[in-house]
Amino acid sequence: MEKNVRKIPQAQTDDFAVTSVPAEQRKSSVNIAITSCAWIISLSTIVTGGALIQGLNFKNAIFAAIFGMLILAVYGFFQGVMGAKYGISTTVLARQAFGRYGASLFGIVLALTLGVGWFGWQVAFFGTTISEMFPNVWLAQPEVAIVWGGILMMCTAFIGYRGLAALSFIAVPLVVILSIWGIVSAVNYSGSWHALLSFEPAGDPMTVFAGITIVVGNAALGAVVFPDVTRYAKSAASGGISASVGYFLGGVFCIIAGAAMAIAAQVPDIGSTPNIPAAMSKLGLGFFAFLILIFAQWTTNDNNLYTGSLGLRNVVKIPKKVLVICMGVIGILIALMGIQDMFVPFLSFLGLYVPPIAGVMIADHWIVGPKIRNKKYEFGPGSAYSGLNIAAIVSVVIGGFVTSKLSFGIGPINSTLLAFLIYIVLTFILNKLNLRYELGEVKEESSGF
């Protein structure tokens, strides 16, 4: 007797990489908030707190954390709303503003920066950190930790959003509890809250504005790709708000915990980087510090790989799971060869041009599309996009280039605002002059590709 087996749609097995997430697959606001919170909870965010207290007192470090994360939450909100409204990933969403081939270029940038480059760097950082905490343990040797740590991070990215969300519901509460333990230990080690609050840095003073810049710079890329999470939200407003709240709270909490532990332990830095793992050990966290490191890095670096694979899936007709494996293996090999730092200048250069992409996308959706281009946003089989929007590309390039020459303001915010304004003004002028800036037309296939 033949069994009635429910066939899973191909789009679902591919994690809806290039199609809209259907209503029955959408998640609750709590799910979105917890998952976005996991994006920001990482060792690098905790280290950011340690970096702040090198030039700020504890009170000003808290202010910089709150204000910096608030900036990211606000502009990430607009990205999140768009992703939730149409149920699509960041790079697919970019097709309307940049054209089909412009969005593909964006996808390649995400694949190179997050999916390979920063994934490899974070895996190497993870291996080094674990080895410093457990110097005589075979599993903690840098090369060994890089491999098993990288495989862990690849597993949840391979599963897709379900894997990320499931891990987030385990990791976020655990990291929060253990971080609270770290803060309490820092207070006890210092003697009192007053001792922490009265702390004054021994190094060169830093302005609060400089501290805010550090906070924003650490997490700006994550806010740009909010649609990769919010596409699973049940409504546009709930998606934008949930992702922003989760990202904000996770970032503020980690930064404050890192600052408190670094103040209390006062351990030597590793080069210019606060030695947070050593601070955790000195405060007596021991094995629990090990858990914090594993889950904090796992929940962030799998997102790097996840977003990178979604970006590249927008370019090539290869299943997202295959792309996750390929990019993950390349990232691990880069870390094993110890050449990850060689890519940092190139990654930082590319990263300069990612925030202005959000500026153009926000401007196109709310102002340029409905008011200037008179173009309605639509996605799905038969939807038409321009081949390439020259005005959008030019706005991003100018925004990133000008920002690289500025010596004031917050880099990612400067480039986002510049691209936002340039794109509006440029498209307005080009339309008034009847000059064509959208080249060709591409229709979306039934597969969503």
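Each value in this text was obtained by applying a stated rule to the coordinates, not by laboratory testing. Just so it is clear, the model here is predicted, and its values are computed rather than measured. Backbone-built Cβ (ideal geometry, glycine too); neighbour counts: all protein chains shown.
Side notes on the structure shown:
- Projecting the Cα atoms of PHE67, PHE158, SER131 onto the charge dipole of segment 24-341 (Cβ charges, centred on the Cα centre) puts PHE158 farthest toward the positive pole.
- When you work out D = kT/(6 pi eta Rh) for segment 24-341 at 10 °C and 1.306 mPa s, using the Kirkwood radius from C-alpha pairs as Rh and the Stokes-Einstein form, the result is 81 µm²/s.
- In order along segment 426-433, phi translates into HN-Hα couplings of 5, 5, 4, 5, 4, 5, 5, 8 Hz, rounded to whole numbers, per the Karplus curve 6.51 cos²θ - 1.76 cosθ + 1.60 with θ = phi - 60° and x for Gly and Pro.
- Ellipticity estimate at 222 nm from DSSP helix runs (n ≥ 4, -39,500 (n - 2.57)) divided over the chain, nearest 500: -22000 deg cm²/dmol
- Positive dipole terminus of segment 24-341, leading residue within PHE290, VAL229, GLN122 (C-beta point charges): VAL229
- Nearest-0.05 FRET efficiency for LEU435 and VAL30, computed from C-beta distance (R0 35 Å): 0.15
- For segment 263-359, the list of chymotrypsin sites (Phe, Trp or Tyr not before Pro) that fall in a loop by DSSP and count at most 12 other C-beta atoms within 10 angstrom is empty.
- For the chain, the residue among PRO205, PHE428, VAL360 whose Cα projects farthest onto the positive side of the dipole built from Cβ charges is PHE428.
- Amide H within-cut-off set for GLY387, under 5 Å, with H built and near neighbours excluded: ARG100, LEU439, GLY440, GLU441, VAL442
- Entry note, segment 96-208: relative contact order of 12 percent, from Cα contacts under 8 Å with a spacing of 6+ residues.
- In summary, the lysines within cross-link reach of LYS317, defined as a Cα separation below 21 angstrom excluding same-chain residues under 8 places away, comprise LYS443.
- Where the alpha-carbon atoms of segment 368-449 are placed on the principal axes, they occupy 47, 32, 19 Å, in descending order.
- The listed peptides 375-386, 91-102, ordered by packing as a protection proxy, come out as 91-102, 375-386 (highest mean of other Cβ atoms within 10 Å first).
- Axis angle, to the nearest 10 degrees, between helix 100-110 and the longest C-alpha principal axis of the chain: 10 degrees.
- Once C-alpha pairs closer than 8 Å and six or more residues apart are averaged by separation and normalised to the residue number of the chain, the relative contact order reads 31 percent.
- Over segment 166-307, equivalent-ellipsoid semi-axes from the Cα gyration tensor in Å: 29, 18, 14
- Cβ-derived FRET efficiency at R0 41 Å, VAL147 paired with LEU421, nearest 0.05: 0.30
- Paramagnetic reach from LYS59 (point 7 Å along Cα→Cβ, amide N under 11 Å) across segment 197-233: 197-199
- Test item: Cα-centred dipole of segment 24-341, Lys/Arg +1 and Asp/Glu -1 on Cβ, debye: 1260 debye
- Protection-proxy order for peptides 252-262, 430-440, 122-132, 403-413, each taking the mean of Cβ atoms within 10 Å per residue, highest first: 252-262, 122-132, 403-413, 430-440
- Inter-probe distance in nm under a simple model that places probes 7 Å from Cα toward Cβ, at PHE67 and ALA237: 3.0 nm
- Contour excess over end-to-end distance, with Cα ends at PHE209 and VAL442 and 0.36 nm allotted per residue: 79.4 nm
- Ellipsoid semi-axes in whole angstrom, largest first, where each is sqrt(5λ) of the Cα gyration tensor of segment 317-357: 22, 19, 5
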